[in-house]
1. Any chance you could count how many residues in segment 162-198 are surrounded by fewer than 16 Cβ atoms within 10 Å (Cβ to Cβ) and among the hydroxyl-bearing types (Ser, Thr, Tyr)?
2. Being out of contact with any strand residue (DSSP E or B) (no Cβ under 7 Å at 6 or more places or on another chain) and at negative phi narrows it down to one of Ala198, Ala237, so name that one.
3. For Asn270, which of the numbered conditions (1) within 17 Å of Pro95 (Cα to Cα); (2) in contact with a strand residue (DSSP E or B) (Cβ under 9 Å, 6 or more places away or on another chain); (3) modelled with pLDDT under 95 fails to hold?
4. Out of the residues in segment 374-405 meeting the condition of being part of a loop (DSSP other than H, G, I, E, B) and within 26 Å of the chain's Cα centre (by Cα), tell me which one is nearest to Ile214 (Cα to Cα).
5. Given the criterion more than 24 Å from the chain's Cα centre (by Cα), modelled with pLDDT under 90 and surrounded by fewer than 22 Cβ atoms within 10 Å (Cβ to Cβ), identify the matching residue among Pro223, Pro241, Pro254.
6. Tell me the residue from Leu373, Leu336 that is in contact (Cβ under 8 Å) with a residue 24 or more places away in the chain, touching a strand residue (DSSP E or B) at 6+ places or on another chain (Cβ under 9 Å), surrounded by 19 or more Cβ atoms within 10 Å (Cβ to Cβ) and of a type outside the set (Val, Ile, Thr), please.
7. Would you confirm whether any residue within segment 96-112 is in contact with a strand residue (DSSP E or B) (Cβ under 6 Å, 6 or more places away or on another chain), surrounded by fewer than 21 Cβ atoms within 10 Å (Cβ to Cβ), over 30 Å from Lys162 (Cα atoms) and modelled with pLDDT under 95?
8. In this structure, is Ala198 assigned to a strand (DSSP E or B) and either in contact with a helix residue (DSSP H, G or I) (Cβ under 9 Å, 6 or more places away or on another chain) or touching a residue at least 40 places away in the same chain (Cβ under 8 Å) (or both)?
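The values are calculated or read from the model by the stated rules, or taken from the named source; none is laboratory data. On a predicted model such as this, the values are computed, not experimentally measured, just so you know. For neighbour counting, all protein chains shown are included, and Cβ atoms are generated from backbone atoms with ideal geometry for every residue, glycine included.
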Amino acid sequence: MLKNKYDMVVIGAGPAGLMTAKTAAEEGLSVLLMDMKRDIPRIDRSCCTMLINEVSTHGDNCSIVDNNIHYEKLGLKVKYTGQWAKLEQSIRITPGGKKLIMSNPNGVSIAYNKEVLLRGLLEDAEKLGVDVLTETFGLKAENIKKDEVRVSFRGNRSRAVKDVKCRVAVAADGVNSQIVLGLEAFRKRKFFITFRVASYFLEGVESPFPPAFIIFVGRGHTPDGNGAIYMLDKHLADAKPGDKPIIDLMYATPVIKSSNKIGIDNFLKNGKFSHWFRSAKVVHTAAATLNFYTCIQEPAEGNIIAVGDAPSFIETYCQGAMMYGYKAGKVSAQHLKTNCGYKEYTDYWKKTFEYCWPGEIEKALKGYGIGFLNDDEIDYLFGLTDNEIYDGYVSENTAPAVMKDAFMSKMDRVKKERPEIAEKFLKFHQSNAHEVLEKTK
């Protein structure tokens with residue numbers, strides 16, 4: 001039975017929403033959590049789900065302590081009961097098989113299972129008395145009084161719109177947030193592009209590499225030369241100690257391009273590395289649609305707070321979503337007691353989320369946009385790094401710089417042997433974000 005009013009209503013029960021609800025309940029707030037899904041932990045949405053263990057990712061240092069996720073600076077421990085897959089290398093590989101490999105002794109990242117993570121957070125939230133409303137679509141949050149917000153919602157199978165009132169509302173409904181669309185801050189965002197992602201979870205893949213995060217760069221991996229293909233080792237939710245990880249293979253492409261399923265099926269059957277997949281079996285599938293916008297710099301508007309992917313560019317990673325959810329739960333409780341606290345959350349967001357910083361979006365896009373070169377040019381460039389290993393991680397905020405520095409260290413040779421490639425490469429790295437996207441579509 002729903003209450004007439006809550007201290008907090010959280011829209012979206014991913015890592016950010018669940019952590020916000022759990023933390024707010026721990027602070028003594030009455031909380032309603034709503035989500036579109038019937039089974040909240042079940043994952044049918046494409047997601048790499050990696051713990052980025054690089055120092056100061058989103059301003060904190062994350063590690064595994066007693067099988068749980070530990071945030072050094074926040075002093076936060078998140079329960080996790082599943083299996084981990086330490087990824088030893090981050091690899092870019094061309095259609096011709098040339099490579100750029102990043103590695104370090106601690107691994108480039110650690111993959112885990114999102115379903116196990118969400119199940120643990122949901123169990124904790126419910127034990128704390130959080131009311132959970134499933135199969136419910138959050139439509140809008142409105143500041144109607146100084147200390148009151150109205151949240152409009154409807155059931156997934158109903159056209160009837162209902163309202164619930166609260167003292168603070170939290171938009172945690174993901175990168176395509178419906179709640180954020182209704183905020184004044186949304187009007188200041190710049191739109192880049194929409195991507196679709198399709199994922200196959202595969203058993204029996206015969207990769208020649210140790211557990212790794214692999215990006216297949218170049219246009220020759222798909223029939224029409226569009227999109228990007230990613231691959232990483234990870235465990236399923238029911239994995240036991242000692243089980244071999246499965247492979248999560250993802251194909252991302254702009255919505256204006258060809259079918260994701262056609263592209264990923266062709267890669268498996270006819271691609272340059274199809275022999276890796278000759279005995280592979282699909283055990284699960286997932287998909288996602290992602291709208292890329294610039295970050296919301298002021299994620300608190302009145303008594304409505306946007307957390308996790310909702311105010312971000314692309315994503316905050318699951319670890320970032322939980323960080324910002326934890327912080328939002330804490331400062332909301334503080335604000336309701338003292339009438340101040342939201343500024344602390346906004347300052348924390350702008351200080352720690354890298355895509356809020358000038359130039360970070362361009363830097364990331366340039367690292368993933370190497371496809372502006374044709375396959376022959378890419379094979380040549382990566383051939384210069386093929387027998388070398390560079391110190392690096394998976395992080396989209398630092399890996400592009402490692403790649404750029406690696407190629408720049410070879411640039412004198414490139415200028416002599418292939419001056420046209422040197423000219424393209426240097427010109428590309430002077431482009432802005434929109435120009436990068438246009439060149440790599």
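1. Here the count works out to 1.
2. Going through Ala198, Ala237 in turn, just one is out of contact with any strand residue (DSSP E or B) (no Cβ under 7 Å at 6 or more places or on another chain) and at negative phi: Ala237.
3. (2)
4. Val394
5. Pro223
6. Leu336
7. Yes, segment 96-112 contains at least one residue that is in contact with a strand residue (DSSP E or B) (Cβ under 6 Å, 6 or more places away or on another chain), surrounded by fewer than 21 Cβ atoms within 10 Å (Cβ to Cβ), over 30 Å from Lys162 (Cα atoms) and modelled with pLDDT under 95.
8. Yes; evaluated as a whole, the condition is true for this residue.
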